[in-house]
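Please read the structure below before turning to the comments.
The values are calculated or read from the model by the stated rules, or taken from the named source; none is laboratory data. Computed from a predicted structure; not experimentally measured. Because the Cβ atoms are built from the backbone with ideal geometry, glycine has one as well, and the counts that use them run over all protein chains shown.
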Amino acid sequence: MNKLEEKAVSLLQSGVKLILGYEKGDKGARPFFCHTPEDASKLIYDEHATTNLATYILKPELMGHDKVAVCATLRTLRAIAQLASENQIKGENLIVFTITEEGNGDVKEFSGIDEINSYLTDKELEVAQLYKELDEKLSGMSREEKWSFWVNEFSRCIKCYACRAACPLCYCTRCITDVNRPQWIDPWPSPMGNMEWQINRVMHMVGRCIGCGACTKACPVGIPIGYLSRKMLNDLSEEFGYIPGQAMKDGNSLSTFKPEDKENFIH
Amino acid sequence: MSKSNIYLPYLMRIEKITQEAPGVKTFRLKFEKEEDEKEFSFKSGQFGEYSAFGEGESTFCIASSPTKKGYIECTFRATGRVTNGLDALEEGNTMGFRGPFGNTFPMDEWKGKNLVFVAGGIALPPMRCVICNALDTRENYKDITIVYGAKSVNDLVYKDELKEWADRPDVNLVTTVDPGGETPDWKGEVGFVPSVLDKVAPSSENTVAIVCGPPIMIKFTFPVLEKLGFKDENIYTTLENRMKCGVGKCGRCNVGKLYVCKDGPVFSKAQLNDIPAEEY
Amino acid sequence: MEKRYINKEGLAKWFGSILNSGKRVYAPVRHGEKVDFHQVHSLEDVAEDYIQTTLSAKSVIFPRAEVLFSYKKDNKEVTLEDFNPDSVPETVIWKIRPCDAAGFIPLSDIFNGGYDDVVYAAHLNKTTLVSFSCAKADDFCFCTSVNGSPGATKGSDIQLTILPDGGAIAEIITDKGMALIKSADDCFESAKDEDKSKYLADVPVYFDLNTVHDKLKEAFSSDIWKQQSERCLGCGACAFVCPTCACFSIEENSKGSHGQRIRCWDSCGFSMFTQHTSGHNPRSTQSQRWRQRILHKFSYMPERINDFGCTGCGRCSRACPVDMNIREHLTSIVK
């Protein structure tokens, strides 16, 4: 048994009802709900796994009321830290551990959200290769060209909401697209309707997105959805001293007001 | 018009609006086009998709009897986007109607039998159609008993009809309100519909029972009917489920393998026994 | 059914003549790593070297969003403008797979069964399907487990099997297919003595469909639904990429005094799909919704319209963000 399996078995034998981790799938690592010690041998750890397990933590029908453990990659840890800063996680029933090195690395169990936050402080949020390529492509474009580019990209959106479903920070029980009084966002795909949806999502994600790229990977038609949210994180860090990929200690930049906030943009 | 495109509604003029109860209205609708009225016919139990142009469609039964010519009626509670859109309309406004959809109460099979109608609250509308139909063809049926209850006196719908039915010597009407819902001058029963039904204890011999109401009422009414000796094939109800197309294509209203809009909304209890109860 | 041969130049010439006839032609087009159906204006636009497109071609006949009718309100009056079937142009869908062509059969049974759906029928009647048999398959394909095969012709109007010389065996299956080759009849030669099956991919059979159907009869209350659906995120990707999924919603595009009634794709996997306005939701958990997807495709549809709701194209499994592999799930149901 490797260390991951050992840890899982010991947790399951000590009253934890579910280990949320990954197993081997046809397209790489996929989420795995490990309920029994016998299943623990299927658990793998893949730092590059793109499905963010934190998406499941806020689903009461899956988590139940018992103790649950999450085998978290960096991406999942960032999401958990952000969710905790938004008061969405009740710590008592959640055990979080990670593997400090790939494969047969050491298991590190976190004593609480504070430890997760400090673990993340020296881990800089990466920028995906795809986003670097987009940076280059877009930096040479005029404003009109950029708008055309995005209208074109988003016209391919089929409104399957895989991006929303895959995002751990999209946890509204009634999404704005599901509200019909008034109908803020058209439910059907259309070039402008899709722009409304995507822009809306980016704005709801500002300062909350942890740059995990689950949305981009989830999109079946290959729209680089996460790029805009990821870029906004850099913009935010300039204006509000926010560090991309780390939860702000005193509230989200755009949902908290402090008297010291700059007002130089108000004319 | 609506013959070719099943999604295109008939245009209907609102002829009369009746406020039945807080938040509940009845609309009497006339066809805008004479040729639409001429080609239209329906049977008890069928429903339609009613349009508030600008808001969408909502599913209600046709609450008037097919024996009444020249108009159809629907009764609804203003709950969501479409029903509030309809609620805002006035007499003389135009709205839409697609239908008739669904199956029908097998009234031909009921000829010569006693009929027991059991309804609760806002579920009287689907029943009103078949009750009025039966009363308009009274000679076809033997004893007719109606047990109808609502949360309070104010919540009873079709107050005028209830008076008519109470005055008829060939109908046994028993109205009830939930305990606490009575007013000082209330002369009807006080108690939940299933227990009042138990008290009335209609005979199950050569009798068909038609039940319509909120799920909780149905849950407690079926055992009473069973106790009285009613067989499952002789108990009928109507199911409701979220609908959009109304014609068995959009895949939304299905319960197990049956579509409420196509194989229903009228089901016998025997049919219900075969489909998963959790899906409606 | 007629069998012919067409050489490489003839194929290009025939394609050109279809474009010149003014028909709309949809074909697979590459966009980065993804291949999807778009309108094309030359043979060079058509993608090569891929196993399957991400989305099916159903959007050509069953659009993602379409106007059912429009309305105008003026004081108390309303006027309606109906859908015009003549507004649908003649269309050819080029280079679909046999599984895609087969998928149009249950899709059409849903729309044309019971009440006639004139909107759908208008698109279907004006569309000719040209399928290419499959020389390659991947692990996600399982057509042979669901009454299909890489060379099956059901649902196709014409099927081409590309030969090593760049030409093709052309099977003209329907009258619509005959009509499509009529104007370029000289491009086609009489059939060569070629065995089509030599050029077909080998797709292993993973499970017995009848066993699946039988097992599902007793499976409603099984634990397997919760087990299989735990990781499902409840997005609509599987339903939207599927060639046979027909679930739709009817929405209002309201612009004040005028507007349109729109039909758009929907998915039984969405949490609000069956939710009543009262708040009651008969399928409130993902496991109930997953069960509905499988039972609908493999149990209810065969009983209602005598057809399974799956042609083994594998798109749902490829598109799923959490690797819900339907072939894997069906195989485990059989066990």
Task: Count of the stretch A:194-219 residues which are without any contact (Cβ under 8 Å) to a residue 24 or more places away in the chain and crowded, with 20+ Cβ neighbours inside 10 Å - done: 0
- [ ] Go through the residues of the stretch C:185-197 one by one and say whether even a single one is within 27 Å of the chain's Cα centre (by Cα) and either under 25 Å from C:Arg318 (Cα atoms) or basic (Lys, Arg) (or both).
- [x] yes
TODO: Please enumerate the residues belonging to the stretch C:98-142 that are in a helix (DSSP H, G or I) and charged (D, E, K, R).
DONE: C:Asp100, C:Asp109
TODO: Scan the stretch C:208-246 residue by residue and report those that are among the β-branched types (Val, Ile, Thr), surrounded by fewer than 23 Cβ atoms within 10 Å (Cβ to Cβ) and either under 19 Å from A:Leu20 (Cα atoms) or within 12 Å of another protein chain (Cβ to nearest Cβ) (or both).
DONE: C:Ile224
Task: Residue that is acidic (Asp, Glu) and either closer than 29 Å to C:Thr244 by Cα or within 9 Å of chain C (Cβ to nearest Cβ) (or both), where the choices are B:Glu233, B:Glu240, B:Glu226 - done: B:Glu240
- [ ] Within the stretch C:93-136, track down each residue that is within 14 Å of chain B (Cβ to nearest Cβ) and among the small types (Gly, Ala, Ser).
- [x] C:Ser108, C:Gly113, C:Gly114, C:Ala121, C:Ala122
Open item on the list: Within the stretch B:209-231, does at least one residue satisfy the condition of being crowded, with 20+ Cβ neighbours inside 10 Å and small (Gly, Ala, Ser)?
Closed with: yes
Open item on the list: If the requirement is being in contact with a Phe, Trp or Tyr (Cβ under 9 Å, 6 or more places away or on another chain) and surrounded by 17 or more Cβ atoms within 10 Å (Cβ to Cβ), which of these qualifies: B:Glu279, B:Glu240?
Closed with: B:Glu240
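This table checks each residue for (1) of a type in the set (Gly, Ala, Ser); (2) within 23 Å of B:Pro22 (Cα to Cα); (3) surrounded by fewer than 19 Cβ atoms within 10 Å (Cβ to Cβ).
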residue: B:Asn133; (1), (2), (3): no, no, no
residue: B:Arg138; (1), (2), (3): no, no, yes
residue: B:Ala150; (1), (2), (3): yes, yes, no
residue: B:Leu162; (1), (2), (3): no, yes, yes
residue: B:Asp167; (1), (2), (3): no, no, yes
residue: B:Asp178; (1), (2), (3): no, yes, yes
residue: B:Lys187; (1), (2), (3): no, yes, yes
TODO: Give me a count of the residues in the stretch B:195-216 that are out of contact with any Leu (no Cβ under 9 Å at 6 or more places or on another chain) and either among the β-branched types (Val, Ile, Thr) or within 29 Å of B:Arg138 (Cα to Cα) (or both).
DONE: 8
- [ ] Please work out which one of (1) more than 8 Å from chain A (Cβ to nearest Cβ); (2) surrounded by fewer than 22 Cβ atoms within 10 Å (Cβ to Cβ); (3) under 27 Å from A:Cys34 (Cα atoms); (4) not small (Gly, Ala, Ser) is the condition C:Asn281 fails and give its number.
- [x] (3)
Task: Number of positions in the stretch C:284-303 that are in contact (Cβ under 8 Å) with a residue 40 or more places away in the chain and more than 11 Å from chain A (Cβ to nearest Cβ) - done: 11
Open item on the list: Checking A:Ala49 against (1) under 15 Å from the mean Cα position of the chain (by Cα); (2) modelled with pLDDT under 95; (3) at the interface with chain C (Cβ under 10 Å from one of its Cβ atoms), only one condition comes out false. Which one?
Closed with: (3)
Open item on the list: Looking only at the stretch C:51-92, filter to residues that are in a loop (DSSP other than H, G, I, E, B), of a type in the set (A, V, I, L, M, F, W, C) and under 21 Å from C:Ala122 (Cα atoms); which one of those is nearest to the other protein chains (Cβ to nearest Cβ)?
Closed with: C:Phe83
TODO: Have a look at C:Arg263, C:Arg293 and point out the one that is surrounded by 24 or more Cβ atoms within 10 Å (Cβ to Cβ), of a type in the set (D, E, K, R) and under 29 Å from C:Ala152 (Cβ atoms).
DONE: C:Arg293
TODO: Kindly indicate the residue of the stretch B:134-150 that is in a helix (DSSP H, G or I) and not charged (D, E, K, R) and also farthest from B:Val211 (Cα to Cα) among those meeting that condition.
DONE: B:Asn140
Task: Listing of helices (runs of 4 or more DSSP H) fully contained in the stretch A:88-174 that carry 2 or more residues being of a type in the set (Asp, Glu) - done: A:113-120, A:129-139, A:143-155
Task: Total residues in the stretch A:9-24, condition under 19 Å from A:Ala54 (Cα atoms) and small (Gly, Ala, Ser) - done: 1
